[in-house]
Amino acid sequence: MILNNLGSSLKESLRKLARSNKIDKRTAEELVKDIQRALLQADINVKLVMKLSNNIKKKAIKEEVIEGFDAREHISRVVYEELANILGRGIDLELKGQTIMMVGLQGSGKTTTTAKLAKYFQRKGLMPVVICADTFRPGAYEQLSQLCNANSIPFYGEKGNKDAVEIVKNGLKEKKEYDVKIIDTTGRHALEKELIAEMEDIDKALDPEHKFLVMDAAIGQEAEEQARAFGESIGITGVIITKLDGTAKGGGALSAVSETDSGIAFIGTGEKVDDIERFDPEGFISRLVGMGDLKALMERVEESITPEDMGVEEVLKGKFTLKEMYKQFQAINKIGPLKQVIQMIPFGGFGVDITDKDYNMTKNKLERYKVIMNSMTDFELENPSVLNGSRIRRVAVGSGSDTNEVKELIRYYRMMKKALGALKGGKITGMPKNLMKMFGRQV
Ligand SMILES: Nc1nc2c(ncn2[C@@H]2O[C@H](COP(=O)(O)OP(=O)(O)O)[C@@H](O)[C@H]2O)c(=O)[nH]1
Ligand SMILES: [Mg+2]
């Protein structure tokens, strides 16, 4: 998917830049060409690519490289800002009672995503109910009610009733006690007048807090027209891109976001109800340009393992010793597919692009680190700063490793501690501190 392909080519282009303090015109032009190729291959809209590359070129050459940063960091920031302009800011989705209307063409993944969203809210401790307002597609009622039954999601529908607006009104009355109401609507094969008219009627009857446009990652360039049509008729508060697990490049759908006055709310990454992720453009782009995405990791971690597993309470109190890190290493295995998790961590010395070979190495590394920590005393685990040369030598011998590896572990620990410190202070994007500074953030 786009994340992998576009990500690795962007990273490759950026890697070509020497670690110098100057960017000459020719280097900038070559880089922009590489980036253009990567974006076009990912199916990003041509107009957007041209606009973006012009801006990158202008800014990369014109703007001074900020003191203390090298050319690569400078250009990363410019690329980051320009991509952020396309993808929009992330959308706020408050965890409270609300009504959400799902729209999109037939086959885009509306019904599946409706169930996924309900599940998402359940995981967050809310009580969602799903209402089936698709009266057009044969079997729509059965599909959604079965999906809901199989996943313990409360459901409302009226089999045989062709009046979608009436069903929605009845459903809202009948299911008053639920806090999040998610309405799955009809789709068509193409944009048709009837479809738009029905969406407008439901929109009026519902007055929903959110209107999510569901788009298939494989859609390509017609995404733009679709997004514009839905945007103009009912207004879109967020886009959900589905099937990003497949081979689709996703660039069409991504480009279409700039046609709606919104951003990407979620991405769908599989057929199962749990295969949905909240989308965070900052994190996404950070990953594209080769920085880790600690925020997405944190969200995942929050959902799949208990706070005790991660020693969250201690960390929030400002306590993060090797003991807490040890706990976290053990917990990481529980969040499984480790590979996915690791890709989101700014793993510093571990390298950002993870191939299967690297991944095994990294997994082994975590195991090695655990062995090393097992050779430390409780006092050392609780007070890592006491680990001086002689202690390090003792630990190295005791764990059958060498002092460099022990030092590497300590460096990793310090990096994590720093990252968690930033987390405590509020926003975290997984960006190194100096980059956050470049993006004008308070650090
Ligand atoms: N691989 C994959 N398949 C998906 C995803 N979302 C939906 N689908 C599949 O896409 C097909 C159409 O989905 P459906 O929800 O019925 O689309 P609707 O017509 O818009 O309601 C179904 O076979 C789903 O299983 C996704 O994120 N990944
Ligand atoms: Mg459907």
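The values are calculated or read from the model by the stated rules, or taken from the named source; none is laboratory data. Since this is a predicted model, take the numbers as computed values, not measurements. No Cβ is skipped: glycine too gets one built from the backbone with ideal geometry, and neighbour counts run over all protein chains shown. In case anyone asks, the SASA skips ligands and DNA or RNA and just uses the protein heavy atoms, side chains included. Shrake-Rupley method; radii C 1.70, N 1.55, O 1.52, S 1.80 Å.
For the stretch 78-137, filtering for residues that are polar (S, T, N, Q) and within 14 Å of ligand 2 (Cβ to nearest atom) leaves 7. Within the stretch 201-218, the only residue that satisfies the criterion of being open to solvent by 50 Å² or more (accessible area, probe 1.4 Å) and of a type in the set (A, V, I, L, M, F, W, C) is 218. Do we have any residue at all in the stretch 405-413 that's surrounded by fewer than 13 Cβ atoms within 10 Å (Cβ to Cβ) and at pLDDT 80 or above? The answer is yes; a qualifying residue exists. Applying the selection to the stretch 375-404, what residues are part of a helix (DSSP H, G or I), open to solvent by less than 30 Å² (accessible area, probe 1.4 Å) and more than 11 Å from residue 321 (Cβ to Cβ)? Once the filter is applied, which keeps residues that are part of a helix (DSSP H, G or I), open to solvent by less than 30 Å² (accessible area, probe 1.4 Å) and more than 11 Å from residue 321 (Cβ to Cβ), the stretch 375-404 yields 392, 395, 396, 399. Here 192, 198, 225, 177 are screened, and the one residue that is within 16 Å of ligand 1 (Cβ to nearest atom), more than 22 Å from residue 278 (Cα to Cα), out of contact with any His (no Cβ under 8 Å at 6 or more places or on another chain) and open to solvent by 60 Å² or more (accessible area, probe 1.4 Å) is 192. The residues of the stretch 142-153 that are open to solvent by less than 80 Å² (accessible area, probe 1.4 Å) and either within 12 Å of ligand 1 (Cβ to nearest atom) or in a loop (DSSP other than H, G, I, E, B) (or both), listed by number, are 142, 143, 144, 147, 151, 153.
The set of residues from the stretch 125-151 being out of contact with any Lys or Arg (no Cβ under 9 Å at 6 or more places or on another chain) and small (Gly, Ala, Ser) comprises 125, 133, 139, 140, 150. Filtered by the rule that a residue be closer than 20 Å to residue 126 by Cβ, part of a helix (DSSP H, G or I) and not hydrophobic (A, V, I, L, M, F, W, C), the stretch 154-172 gives a lone residue, 171.
Considering (1) open to solvent by 40 Å² or more (accessible area, probe 1.4 Å); (2) of a type outside the set (Val, Ile, Thr); (3) away from ligand 1 (no atom under 12 Å from the Cβ); (4) modelled with pLDDT of 80 or more, the lone condition that residue 106 does not fulfil carries the number (3).
Of everything in the stretch 109-141 that is in contact with a strand residue (DSSP E or B) (Cβ under 7 Å, 6 or more places away or on another chain) and of a type in the set (Gly, Ala, Ser), the residue that is nearest to ligand 1 (Cβ to nearest atom) is 109.
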